[in-house]
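Asker: One structure, pasted below without further comment.
The values are calculated or read from the model by the stated rules, or taken from the named source; none is laboratory data. Model, not experiment: these values are computed from the prediction. We place every Cβ from the backbone using ideal geometry, glycine too, and count neighbours over all the protein chains shown.
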Amino acid sequence: MEMLIVVAIIAILIAIAIPTFASSLNKARIATDEANIRAGYADVMVNVLLDDNYDAENGNASTAGQTKYYLQKDGSVATTDTNAYKTQGKNDSATTEIAGQKVGAWAKDKKVTYQYDNTKNQAVISFE
């Protein structure tokens, strides 16, 4: 009888711990996504600034400003999505701030894209 009670208590503790563990795992995946998105944003801004046609005084980036960039698995960005990074976690928060801008919620396995906005002088982050 004592053994049955011990097994029941352990089962209850496991039932409580599993959702907590799953939630913590998703939070870690979201943190990884945020760090990767931030690194990709920095790479886009470097590409815009290194653009030969970039006019720093007027904030015009004729070539880079019209290019859609995809976050790659290595943290860099490219104009093709052949080796694109896909988000690892599901973020339900619409108020997440990354690189100084609010980023909407995202689902798991979405590609991260960047489009430079000349008027705001920042890359707009989106998911597809």
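Asker: Would you say ALA17 is surrounded by 10 or more Cβ atoms within 10 Å (Cβ to Cβ) and modelled with pLDDT of 90 or more?
Answerer: Numbers: surrounded by 10 or more Cβ atoms within 10 Å (Cβ to Cβ): yes; modelled with pLDDT of 90 or more: no.
No; evaluated as a whole, the condition is false for this residue.
Asker: In addition: When residues of the range 48-78 are filtered for being on the phi < 0 side of the Ramachandran plot and either of a type in the set (Val, Ile, Thr) or at pLDDT 85 or above (or both), how many remain?
Answerer: If we filter the range 48-78 for residues that are on the phi < 0 side of the Ramachandran plot, which is where we start, we get 48-58, 60-74, 76-78.
Next cut, either of a type in the set (Val, Ile, Thr) or at pLDDT 85 or above (or both) only: 48, 63, 67-74, 76-78.
Qualifying residue count, the range 48-78: 13.
Asker: Quickly run through the range 66-85 and pick out the residues that are surrounded by 15 or more Cβ atoms within 10 Å (Cβ to Cβ), of a type outside the set (Gly, Ala, Ser) and farther than 11 Å from TYR114 by Cβ.
Answerer: Of everything in the range 66-85, those that are surrounded by 15 or more Cβ atoms within 10 Å (Cβ to Cβ), of a type outside the set (Gly, Ala, Ser) and farther than 11 Å from TYR114 by Cβ turn out to be GLN72, ASP81, TYR85.
Asker: Something else: Starting from the range 1-20, keep only residues that are in a helix (DSSP H, G or I), then list their pairs with residues that are surrounded by 10 or more Cβ atoms within 10 Å (Cβ to Cβ) and among the aromatic types (Phe, Trp, Tyr) whose Cβ atoms are within a distance under 6 Å, requiring at least 6 positions of separation or different chains.
Answerer: none
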